[in-house]
1. With part of a loop (DSSP other than H, G, I, E, B) and either within 11 Å of the chain's Cα centre (by Cα) or closer than 30 Å to I477 by Cβ (or both) as the only criterion, which of T147, T163, T174 stands out?
2. Among the candidates G466, G534, G522, single out the residue that is modelled with pLDDT of 75 or more, among the small types (G, A, S), not assigned by TED's automatic domain parsing to the domain that holds S212 and not in a helix (DSSP H, G or I).
3. What residue, among those in the stretch 151-172 that are surrounded by fewer than 18 Cβ atoms within 10 Å (Cβ to Cβ) and among the charged types (D, E, K, R), is nearest to G222 (Cα to Cα)?
4. Consider the stretch 38-68. How many of its residues are surrounded by 14 or more Cβ atoms within 10 Å (Cβ to Cβ) and either farther than 30 Å from G205 by Cα or in contact with a His (Cβ under 8 Å, 6 or more places away or on another chain) (or both)?
5. Among (1) surrounded by fewer than 19 Cβ atoms within 10 Å (Cβ to Cβ); (2) under 30 Å from Y343 (Cβ atoms), where does L198 come up short?
6. Confirm whether N480 is surrounded by fewer than 24 Cβ atoms within 10 Å (Cβ to Cβ) and at negative phi.
7. Residue check: is S170 of a type in the set (S, T, N, Q) and closer than 18 Å to F444 by Cα?
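The values are calculated or read from the model by the stated rules, or taken from the named source; none is laboratory data. Since this is a predicted model, take the numbers as computed values, not measurements. Ideal geometry is used to build each Cβ from the backbone, glycine not excepted, and the neighbour counts take in all protein chains shown.
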Amino acid sequence: MKLKKYILLLLLSMLYLTIIFFGVFFNYKVIENSKDININNKNMATLVDCKGNFIVYNKKMYEAWIDLSFLRRQKKFKEYEHLLLSKYTQDEIKDKKFLKWGKFYTKKEAEDNLGVLRKFSKIYETQDRIYNDLFSLSQLIGKYDKTNYGIEKYLYNNKLLETQKEQNLSIDLTLQRILYEELKKTVKEKNASGAVALIMNTKTGEIKASVSIYPWNMGYMGYIEPGSTLKPMIYAMAIDENIIKPYETFKWSYQYTPKNTNIKIKESEYFDLGTMDIKTALAHSSNVAIAKVMEKILNTYSQEWLYNSLLKMGFGKKTNIEFSGEIDGVLKNPDEWKSITPYQIAIGQGIGVTPIQLITAFNAIVNNGYYVYPTFFKNKKVFGRQIYSERTSKKLLDWMRYTTILGTAKDAYKEGLLIGGKTGTAQKALKGIGYTKEDYYSLFEGYYPSINPEYTFLIIVDDPKGEYYGGEVAAPIITNVFYNYSKRKEVYNYLGYYFKGVLPNLINFDMEEAKALLINLGYNFNKIIITGSGTKVTYQYPNPGTLLKDTQYIELRSD
């Protein structure tokens, strides 16, 4: 009996060793969780714009890895080595246990590419993150695993990227593209150093377009001195506090020295208007008028009060928009101020504001005095606070309509487009030099349409050559943007009606326009397949005229 037990144990031991032997030398598998193999199989949230167009999405791929440790133990290793050296150098494979052979669209493609090396390899299903990097989107979205800035980094840091299937962003890709093209064109024509622009939904604070023509995203990660674009907020504050009356007048002079200072506030241009009211002062961007208003503020309140009022407007602190990397801007504490500092702030100097802070503060005036926090999320619950009275805000909106008719933004006037706003021309302060007469920011902040505004915008052009006033450089940009956008919407609406239920001919359409049109026709964007790397549609399936209800998917190719 004992002999039988020993024989049985011996046979089991031999069987176990045989299995190990064959497992190691004939049927070896790559260790699934080896620390030497980094496989991305995370299915992160898809990011889409407000109309469902893809901005970032996941694509299933297959990675092939070769187990070099196992391969080196084969008698025929030298015969296989030349295959390895067809893709890698000797130094690249030396001392490695595992070698990434490649990434493929299908498992069969991976197997075919491996050939005889297949039995020494493992094929993993992985996820590729595909980014739409056009129209300045790369600086806006970022990459969760490669950049320390951007919307995607924010989503990742807040555990939203891995817990959601899809994130609807507020960005409108059609508007983003038009804004980018107009801004890029102006930078080229004016030989400018850069530019930044934002368009916001007035009521909700949703960012509809955000473009930065810089190596970084200036809209959230940089700051400027705002120049005259700060004046509407100063006027609104003074009127609300009954420091000045809505129809107060000022005697014009080319320059003015406030009491207890040695600073001379000068007009940027000579215009003798005699006596001017606030509407005229805004339209012509009078520095003297705003200096007199600031003098009245300081006669009534302290510098500490002024500082807190600027904080209330949102300056000197992050807006907390869903963008990692946002900075605070610069608003010095009153104990660091000099007697001239409030007057510098009144004309937009001595304070550093980020573009997102500036557009959000200005939007409070456009939005009946209600400050809404900016957001990149579609349909997010609106949060905010009342910082100006509705009555004061409506007066300022009414006055700022004149800037595109009689004032500094006349170049923004276009028949049929009702735009209001405030221009700014900010001297750049250079380190060790101070304010120069050669380097400027050209700015235009405003709203469209000027009756019942839907959009609030900010345009900044950095150091344009030749013309540099905000009304000459920045203002025409937004006119062209909204003109082209409204025309594009008309085309979509017309085609959507004309081709209702039928697939149109999309050949030679811009790829983004083709997608937008299909979505406008009511087609499910998840069934639209985009291939190729071009910008124009060169092939479509199925053929034009096919009933959409009979279409399982639509392929658009750009070669």
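1. Numbers: T163 fails: either within 11 Å of the chain's Cα centre (by Cα) or closer than 30 Å to I477 by Cβ (or both); T174 fails: part of a loop (DSSP other than H, G, I, E, B).
Criteria check complete, one pass: T147.
2. Details: G466 fails: not assigned by TED's automatic domain parsing to the domain that holds S212; G522 fails: modelled with pLDDT of 75 or more.
Checking each option against the conditions leaves just G534.
3. K159
4. The initial filter retains those residues of the stretch 38-68 that are surrounded by 14 or more Cβ atoms within 10 Å (Cβ to Cβ), namely 39-40, 44-58, 61-68.
Now narrow it down to the ones that are either farther than 30 Å from G205 by Cα or in contact with a His (Cβ under 8 Å, 6 or more places away or on another chain) (or both): 39-40, 61-68.
Selection size over the stretch 38-68: 10.
5. With (1) surrounded by fewer than 19 Cβ atoms within 10 Å (Cβ to Cβ); (2) under 30 Å from Y343 (Cβ atoms) applied to L198, the lone miss is (1).
6. On the way: surrounded by fewer than 24 Cβ atoms within 10 Å (Cβ to Cβ): yes; at negative phi: yes.
Taking the combined requirement at face value, the residue satisfies it.
7. Numbers: of a type in the set (S, T, N, Q): yes; closer than 18 Å to F444 by Cα: no.
Here the answer is no, as S170 does not meet what is asked.
Listed here are the residues, each with its yes/no results for (1) crowded, with 17+ Cβ neighbours inside 10 Å; (2) closer than 30 Å to L169 by Cα.
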| position | (1), (2) |
| --- | --- |
| K87 | no, no |
| D95 | no, no |
| F98 | yes, no |
| T106 | no, no |
| G142 | yes, yes |
| D145 | no, yes |
| Y149 | yes, yes |
